[in-house]
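Here is the structure we will look at, set down as structure tokens.
The values are calculated or read from the model by the stated rules, or taken from the named source; none is laboratory data. Predicted model only: the values in this text are computed from it and were never measured. Cβ atoms come from the backbone with ideal geometry, glycine included; neighbour counts cover every protein chain shown. With ligands, DNA and RNA removed, areas are computed over all heavy atoms of the protein, side chains included. Shrake-Rupley method; radii C 1.70, N 1.55, O 1.52, S 1.80 Å.
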Amino acid sequence: MQMSRSSSLFDPQRFCEWSIPRPPLPDVILETGPSRWTGERVREEPRALPPYADIVIIGGGLAGLMTFFHVRSALPKASVWIIDPQKELGGEFRRQSERIDQRIMRSPYWDHLAPDGDLSLIEYALLNTQRLTRKELLQVHLGLSGERSLVPADVFIAHVDHLIRVYRAGRSWHRSRVERIEEGQDGLLSSITEAGCVVRSRCIVVCTGIQQRVPQLTDFGTRIEHVVGSGMTACALLISGLSQGRAMTWSVRPPVRVRCMDVTQRWLRPAEVELFAQRPIRQKVAEVFEARRSSVIPEYAMILGLAIEEGRLRVSSSMSRAETESGQVFKSVGYRPRTSVLKGLARITFGYPALGRDLEVSPRIFVLGAAAALCIGPAAWNIAGIRMGIERLLPPLAAYLGVNLNRYRITGVGPVN
């Protein structure tokens with residue numbers, strides 16, 4: 001399957017950024033079907049909040065779960081609780097993946113949530129080879145050799161479920177939304193939920209994720225035939241519609257960037273991150289915006305390019321009023337960090353809170369994930385960036401609990417060029 005280079009939609013200059021020794025394999029995406037682990041999903045009932053915990057994690061998405069796993073591993077005696085409003089842990093990620101029919105992860109096999117010494121994502125895939133296709137097995141072997149590899153989304157989610165079971169995260173989860181944080185005179189922090197429940201703790205880690213910049217009016221259950229945007233969400237929706245035999249329309253501003261990952265390897269280098277931290281805030285925000293500008297993986301670009309050539313996908317640079325109001329248009333035009341729970345505790349600049357090097361936004365209150373981008377850099381949104389953040393915040397977390405943890409290093413990450 002080849003995509004014509006004559007099309008002006010995809011930027012040919014970006015094809016040099018693939019940094020892989022062989023062509024992409026779009027067939028891996030097309031052959032990967034619905035979840036093969038449907039009957040093995042973790043079904044935990046949320047628990048009542050205790051009056052006290054050593055550490056409270058606000059948010060049970062990938063960043064919150066990853067923090068929980070690493071804190072449990074490094075500080076096994078600490079009492080840790082997750083507060084999240086979704087129906088299940090990791091619920092927002094699961095729901096988004098199902099909504100857009102996401103079949104593969106953009107991150108490679110070496111990006112996963114497990115602490116060092118636990119079953120890694122690629123080891124989990126090797127234990128379940130009977131569920132994988134031959135082309136998916138090829139990707140596993142590419143990952144073992146340290147090269148870029150495509151991870152089926154259901155394999156990634158099943159590995160997350162495995163870690164939830166191993167660390168018994170469901171037994172330390174309260175289902176609710178934290179409305180505000182209050183600092184007590186006795187040095188303890190209070191997390192107050194929308195239902196009025198209160199848990200006091202020594203430390204809080206805020207992992208509240210992201211939200212769309214523009215509110216989405218179209219329901220995912222609607223028969224979507226028109227997609228606006230050039231990111232992974234938009235492209236996954238287009239490919240899902242095309243695979244169901246629908247004629248799709250794509251409103252996008254060319255050229256579309258083609259990248260293996262949403263940020264380049266540059267932002268995973270410690271020296272580059274340190275230089276970034278020293279820059280003025282306005283420059284940081286501009287660099288984060290530019291580095292995280294929408295892009296699409298080569299496999300998606302090839303599938304969509306072929307659909308354009310075959311006439312199954314129409315590309316439009318604008319929408320008519322009738323199309324906008326049809327209810328079948330999905331607008332995927334970017335995301336921003338959720339920071340409402342930090343109101344009154346931190347100075348928010350251009351949507352990002354001001355942080356110290358240890359990701360401390362206020363005494364004993366830490367921030368992880370997309371909201372830490374002004375400290376970690378553009379990679380803060382990614383699993384690799386969350387790992388970098390955990391390395392920084394675990395030593396001060398341990399110090400607040402009276403535990404000596406001078407350094408916390410995570411070695412189980414992939415190569416950085």
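Some points to look at:
- Only Lys, Arg (+1) and Asp, Glu (-1) charged, at Cβ; segment 227-314 dipole about Cα centre in debye: 260
- For segment 263-278, 3J(HN,Hα) per residue [Karplus equation, 6.51 cos²θ - 1.76 cosθ + 1.60, θ = phi - 60°, Hz, x = Gly/Pro]: 10, 7, 4, 3, 7, 9, 7, x, 5, 5, 5, 5, 5, 4, 5, 8
- Of the peptides 260-268, 187-195, the order by per-residue mean of other Cβ atoms within 10 Å, starting with the highest, comes out as 260-268, 187-195.
- Between Ala277 and Tyr52, the distance separating the two model label sites (each 7 Å from Cα on the Cα→Cβ line) works out to 3.3 nm.
- Residue-level accessible surface for His162, protein heavy atoms, 1.4 Å, Å²: 40
- Applying the Karplus relation 6.51 cos²θ - 1.76 cosθ + 1.60 with θ = phi - 60° to segment 176-183 yields 3J(HN,Hα) values of 5, 10, 6, 8, 7, 10, 10, 9 Hz, where x marks Gly and Pro.
- Backbone HN-Hα couplings from phi across segment 151-167 [Karplus 6.51/-1.76/1.60, Hz, Gly and Pro as x]: 9, x, 4, 5, 5, 4, 5, 5, 5, 4, 4, 4, 5, 4, 5, 4, 8
- Extension gain, Arg357 back to Glu309 (0.36 nm per residue minus Cα-Cα distance, nm): 12.3 nm
- In the context of the full protein assembly, Tyr335 retains an accessible surface of approximately 60 Å², using a probe radius of 1.4 Å and ignoring ligands and nucleic acids.
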